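Reviewing the structure listed below.
The values are calculated or read from the model by the stated rules, or taken from the named source; none is laboratory data. Please read all numbers here as calculations on a predicted model, not as lab measurements. Please note: Cβ atoms are built from the backbone with ideal geometry, for glycine as well, and neighbour counts cover all protein chains shown. Note: areas computed on protein heavy atoms with side chains; ligands, DNA, RNA excluded. Shrake-Rupley method; radii C 1.70, N 1.55, O 1.52, S 1.80 Å.
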Amino acid sequence: MGFDVWAPRPSSVRLVVDGQTHDMSRDGEWWRADVEPAVGQRYGYLLDDRADPLPDPRSLRQPDGVHELSQVHDLAFAWTDADWTGRQLAGSVIYEMHVGTFTPEGTLDAAIARLPHLVDLGIDLVEVLPVNSFNGAWNWGYDGVLWYAVDETYGGPEAYQRFVDACHAAGLGVIQDVVYNHLGPSGNYLPLFAPYLHDASANTWGSSLDLSRRDVREYIIENALMWLRDFHVDGLRLDAVHALVDDSPTHLLQEMAERVDALSAHLRRPLTLIAESDLNDPKLITPREAGGYGLHAQWSDDYHHAVHVALTGETTGYYADFAPLEALAKTATRGFFHDGTWSSFRDRPHGAPVPVETPTWRLVAYAQDHDQIGNRATGDRLSETLDEDLLGVAALLALASPFTPMLFMGEEWGASTPWQFFTAHPEPELGEATAKGRIAEFERMGWDPAVVPDPQDPETFRRSKLDWAETSAPRHARLLAMHKELIALRRREPELTDPRFSQLSATFSEDPRWIRIRRGSLEIAVNLADTEMPIGEPREILFATQPPAEGMLPPRSGAIIRP
């Protein structure tokens, strides 16, 4: 065993270990040094005539940040989860969290102390926003540049292992959010080593990864396998897969799914791949034997948009097409709203229908998530604009949907804290460009620049942290109790986890505004009007945000009934 690195671009590479420089020999496009690594050693690579050594592209630890030397690290850990058999996505409820703002301390160890809250809530899977190493003191995580290293601000790799082990001990699975479509703007030295990037296929965030190269594909796939195999993670959320440019005979997503399924068979526990995609293309979640990529699920922004518009009345930008209640009826019973229909936001037809044979749990649905909150001008949650009654309806539509429900941290108690876009770029010019760009973007959409938070201001990060004291306040405690009741009901009533599209139907009215979604023998009735809604005399009322009386559902309320 020694040190090696893929580096076809430099004409010479030298290894620096604990201050000692060693020559490396070329082996095709790789460079190797017959130097035995020892845990704790600091090391880096000198490319050509550079005076400063660069971190290892596959570094497992960056104690001093992404610009400094890597540290030799052994992923061996005293795991206690030998009896953990995994958690399948079907029937589960996901909880999305950002480590840095989940607790006041913002660390993985601090998050462990809050796991009993998630267990009591009824959560099955914790989805963690990216933890890979980024530059600066805080970040959403999508600016990572060293994908194999857990950022030290969260506690590093050993803290991550402790977190996963504690989750499994508590009966919680872990889904790790990963980003394979771009690299962050600061500390990205990979292109100096090798042609990782493809400038011709740049996306919103920068250059794309060059997926025509075998070593780049292996860099990505091996990273995915590392989280699942070495960190015992139960699934991955694949960020913005629509930005992956791959013309290969076998798409990267299909190849990854094949390799992950093989690992799952070997480990004898379910491993889940969830895509975030803007394409509304069911091919992603169609089994490979039916011509798809074989991913296990994908996010459904359409369901979010339909719920958001129904509750808030907001119809700007991409929300415009979702103004009629028909949009909620369609997404609740067919998965996608844009399934080949005209998208006014894109100015073209968009999407394709979800085959009726597809299990509904393959779509992950939510009333709020990190993007749909954090990418608003002020990072405001639904709790900023909706009253307690409609927040209860939001919980009902999220947790009684036919899809896999996901909550964003704090949503369960109607957290009053915003979740804003924050960065901590140490480079003054990058920080200034990020702040000015963010403010200018919303100014073009008509926002007063004075109300758009400066992402570089430390207060923007601090005010985004959850206030756990709120959970005991009466208004918040009532909403939290509703979420617990809905999740428990979802486990108790088979109709609420039935994955058959054929069991779904909906009726609705635009004036007065109401919708009734049929799920087998159950019905989710939602009254968005300011007058009562007749629901007859149901045999059973399983849940209500406000109790119906004499066959009438109160205004701005919802219920699950057995007609």
Quiz item: Restricting attention to the stretch 340-359, does a residue exist that is of a type in the set (A, V, I, L, M) and within 25 Å of residue 546 (Cβ to Cβ)?
Solution: no
Self-check item: Output for the stretch 431-445, where each listed residue is free of Cβ contacts under 8 Å to residues at least 24 places away in the same chain, surrounded by 13 or more Cβ atoms within 10 Å (Cβ to Cβ) and among the hydrophobic types (A, V, I, L, M, F, W, C)
Solution: 433, 435, 439
Quiz item: Restricted to the stretch 332-364, and to residues that are buried (at least 21 other Cβ atoms within 10 Å of the Cβ) and either out of contact with any Leu (no Cβ under 9 Å at 6 or more places or on another chain) or among the acidic types (Asp, Glu) (or both), which residue is farthest from residue 288 (Cα to Cα)?
Solution: 338
Exercise. Please determine, by comparing only the residues of the stretch 278-302 that are hydrophobic (A, V, I, L, M, F, W, C) and open to solvent by 10 Å² or more (accessible area, probe 1.4 Å), which one is farthest from residue 386 (Cα to Cα).
Key: 290
Quiz item: Would you pick out the residues in the stretch 303-323 that are buried (at least 17 other Cβ atoms within 10 Å of the Cβ) and under 23 Å from residue 387 (Cα atoms)?
Solution: 303, 304, 305, 306, 307, 308, 309, 310, 311, 319, 322
Quiz item: Could you count how many residues in the stretch 378-425 are part of a loop (DSSP other than H, G, I, E, B) and either among the small types (Gly, Ala, Ser) or in contact with a strand residue (DSSP E or B) (Cβ under 9 Å, 6 or more places away or on another chain) (or both)?
Solution: 13
Quiz prompt | Long-range neighbours under 6 Å by Cβ, at least six apart or interchain, first residue within 10 Å of residue 359 (Cα to Cα) within the stretch 488-501, second part of a helix (DSSP H, G or I) and open to solvent by 30 Å² or more (accessible area, probe 1.4 Å) | solution = 499/361
Self-check item: Total residues in the stretch 523-551, condition outside any strand (DSSP E or B), open to solvent by less than 20 Å² (accessible area, probe 1.4 Å) and under 20 Å from residue 495 (Cβ atoms)
Solution: 2
Quiz item: Among the residues of the stretch 365-377, how many are among the polar types (S, T, N, Q), surrounded by fewer than 20 Cβ atoms within 10 Å (Cβ to Cβ) and assigned to a loop (DSSP other than H, G, I, E, B)?
Solution: 1
Exercise. Quick one: which strands (runs of 3 or more DSSP E) lie wholly within the stretch 1-87 and hold at least 1 residues that are of a type in the set (S, T, N, Q) and open to solvent by 60 Å² or more (accessible area, probe 1.4 Å)?
Key: 20-23, 25-27
Self-check item: Qualifying residues in the stretch 414-428 (those that are closer than 18 Å to residue 205 by Cβ and over 22 Å from the mean Cα position of the chain (by Cα)) - the one least open to solvent (accessible area, probe 1.4 Å)
Solution: 425
Quiz item: When the stretch 469-511 is examined, which residues are found to be open to solvent by 60 Å² or more (accessible area, probe 1.4 Å) and over 20 Å from residue 400 (Cα atoms)?
Solution: 469, 472, 474, 475, 510, 511
Quiz item: Checking residue 417 against (1) over 30 Å from residue 504 (Cβ atoms); (2) free of Cβ contacts under 8 Å to residues at least 12 places away in the same chain, which single condition isn't satisfied?
Solution: (2)
